[in-house]
1. Quick check on this structure: which one of Val37, Val18 is within 15 Å of the chain's Cα centre (by Cα), modelled with pLDDT of 95 or more and either under 27 Å from Glu72 (Cα atoms) or surrounded by fewer than 12 Cβ atoms within 10 Å (Cβ to Cβ) (or both)?
2. Filter segment 59-73 for residues that are in contact (Cβ under 8 Å) with a residue 60 or more places away in the chain and surrounded by fewer than 11 Cβ atoms within 10 Å (Cβ to Cβ) and give the result.
3. Does Lys49 qualify as being surrounded by fewer than 12 Cβ atoms within 10 Å (Cβ to Cβ), of a type in the set (Lys, Arg) and modelled with pLDDT of 95 or more?
Amino acid sequence: MSWKVLSVVGLPVLEERVVHRYSDGTEVKDKMATGEVDRKEPGDSITKKEMDEAGQSANDIESLIASGAIEEA
């Protein structure tokens with residue numbers, strides 16, 4: 001699945017980081033925003049994989065569609 005960008009969209013860039021380390025060495029990891037944004041311009045397309053990597057849920061995607069920022073391609 002993919003979407004066509006109608007107005008500028010900024011997808012957050014996420015990276016996996018260690019958020020807790022137990023005394024036995026086991027690590028708990030989570031995806032955290034780096035503060036960078038993957039900017040998509042009108043006419044670009046966004047794939048499902050890109051949305052997943054940016055941590056965008058179905059509700060986030062629906063909001064982008066409802067606001068007129070993207071449409072299904």
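1. Numbers: Val18 fails: within 15 Å of the chain's Cα centre (by Cα).
When all the criteria are applied, what remains is Val37.
2. Within segment 59-73, Gly68, Glu72 qualify.
3. Values: surrounded by fewer than 12 Cβ atoms within 10 Å (Cβ to Cβ): yes; of a type in the set (Lys, Arg): yes; modelled with pLDDT of 95 or more: yes.
In short, yes.
The values are calculated or read from the model by the stated rules, or taken from the named source; none is laboratory data. Predicted model only: the values in this text are computed from it and were never measured. As a convention, Cβ positions derive from the backbone with ideal geometry for all residues, glycine included, and neighbour counts pool all protein chains shown.
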